[in-house]
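The values are calculated or read from the model by the stated rules, or taken from the named source; none is laboratory data. No experiment lies behind these values; they were computed from the predicted model shown. Note that each Cβ is placed from the backbone with ideal geometry, even for glycine, and that neighbours are counted across all protein chains shown. The area values use the complete protein model at the heavy-atom level, side chains included, leaving out ligands, DNA and RNA. Shrake-Rupley method; radii C 1.70, N 1.55, O 1.52, S 1.80 Å.
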Amino acid sequence: MSTKEKQGFALYFLFAFGLAWLCQVGGCMALLQQGNTALYQIALLATMFCPAVGVLMTCKIWRHQPMGIGWKPYFKGRVKYYLLAWFGPMVLTLLGMALYFAVFPSRLDTTGSYLAATAGETALQQLEQQGITPVNYFLISAAQAAAYAPFINMIPAVGEEIGWRGYMMPRLKERFGLLNGRLLGGIIWGVWHWPLMLMVGYEYGTSYLGAPVLGLVVFCVFCFALNTLLDWLYERTSCIWAPALAHGAINAAGGIPVLLIDPADAYYAILGPMPVGLIAMLPALAAAVGLTLHEIKQEQ
């Protein structure tokens, strides 16, 4: 990269982090001080568009165009990648969940205790009156999360993808190489979430094994895996909607496994069964490392 491009890249990070952290801190304060969950959710939604805004502002100020951001989907010969983007995150989530419960079988709870704790005993009783058991509710939720939720979630997700995969990753890979670029990109993406994690326990809660430092580190490992998979999809399709769809899919699938745990086991969220846990992320991490090593071997 030229000096001007490096300066523009630094300016992008200033906008992407500065705007997002303002939104995150503002949303967290609204939740903590006023209990305003609606404002908190709006702040989270705004946060997801901050990387895209960072790209636009950088290009406006620095007067250069972002390289490699493709918008138009081409399906000929690439349908399999869009299918992977759609269903792959749910498959990896379920594999990670299965691995977690294989290691800790006693933590599998099919009584609906998590649903009762979050929605209330009345909600659980109403489901049972309709003939819907907690396991059936889990299956229905998983089917919905796999079928149409990714397409809803990809709208805000594209706000991040424009910045991370469309703008950041081509430059990091150019400067540091494929593996190091993806590793650094994952760390950057993970750190971007840190205010939420530290203030309101985003992903792992506030009281878990190794809190709060271990969660910050583990989440960066997860972000490396996900960043790699999304970047790989973008490389194969040259369309930003592919990683946006996969990003939306993982956001939809990620919370499904908690329906099968007891809330008392939330202390071990750092391990699973959600895909951000150390054990549950292993399928995604293995896929990410395997794909990257394969690409490096092909380049040699």
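Structure above, values below:
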{"item": "Candidates Leu11, Leu83, filtered to the one that is more than 20 Å from Ile162 (Cβ to Cβ) and among the hydrophobic types (A, V, I, L, M, F, W, C)", "result": "Leu83"}
{"item": "Single condition Ala288 does not satisfy, out of (1) closer than 16 Å to Tyr204 by Cα; (2) open to solvent by less than 40 Å² (accessible area, probe 1.4 Å)", "result": "(1)"}
{"item": "Test for Val213: is it touching a residue at least 60 places away in the same chain (Cβ under 8 Å) and surrounded by fewer than 24 Cβ atoms within 10 Å (Cβ to Cβ)", "result": "no"}
{"item": "Lone qualifier among Arg175, Arg171 - being open to solvent by less than 70 Å² (accessible area, probe 1.4 Å), out of contact with any strand residue (DSSP E or B) (no Cβ under 8 Å at 6 or more places or on another chain) and basic (Lys, Arg)", "result": "Arg171"}
{"item": "Condition check for Phe87: open to solvent by 40 Å² or more (accessible area, probe 1.4 Å) and at pLDDT 95 or above", "result": "yes"}
{"item": "Residue among Leu230, Leu260 that alone is over 30 Å from Gln33 (Cα atoms) and under 16 Å from the mean Cα position of the chain (by Cα)", "result": "Leu230"}
{"item": "In segment 260-275, the residues that are over 12 Å from Phe101 (Cα atoms) and open to solvent by less than 30 Å² (accessible area, probe 1.4 Å)", "result": "Ala269, Ile270, Pro275"}
{"item": "Residue among Pro195, Pro134, Pro156 that is open to solvent by 10 Å² or more (accessible area, probe 1.4 Å), closer than 29 Å to Leu14 by Cβ, over 13 Å from the mean Cα position of the chain (by Cα) and of a type outside the set (D, E, K, R)", "result": "Pro195"}
{"item": "Members of segment 229-253 that are within 30 Å of Thr133 (Cα to Cα) and surrounded by fewer than 21 Cβ atoms within 10 Å (Cβ to Cβ)", "result": "Asn251"}
{"item": "One residue from Leu108, Leu44, Leu95 being open to solvent by 80 Å² or more (accessible area, probe 1.4 Å) and within 29 Å of Thr237 (Cα to Cα)", "result": "Leu95"}
{"item": "Filtered residues of segment 143-172 (kept if modelled with pLDDT of 95 or more and among the charged types (D, E, K, R))", "result": "Glu160, Glu161, Arg165"}
{"item": "First in segment 96-108 and outside any helix (DSSP H, G or I), second anywhere and open to solvent by less than 80 Å² (accessible area, probe 1.4 Å) and modelled with pLDDT of 95 or more, Cβ under 7 Å, 6 or more apart", "result": "Leu108/Phe101; Leu108/Leu260"}
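Table: residues versus (1) within 21 Å of Val158 (Cβ to Cβ); (2) free of Cβ contacts under 8 Å to residues at least 40 places away in the same chain; (3) touching an Asp or Glu at 6+ places or on another chain (Cβ under 9 Å); (4) in a helix (DSSP H, G or I).
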{"position": "Lys6", "(1), (2), (3), (4)": "no, yes, no, yes"}
{"position": "Ile42", "(1), (2), (3), (4)": "yes, yes, no, yes"}
{"position": "Lys60", "(1), (2), (3), (4)": "yes, yes, no, yes"}
{"position": "Gly77", "(1), (2), (3), (4)": "no, yes, no, no"}
{"position": "Tyr82", "(1), (2), (3), (4)": "yes, no, no, yes"}
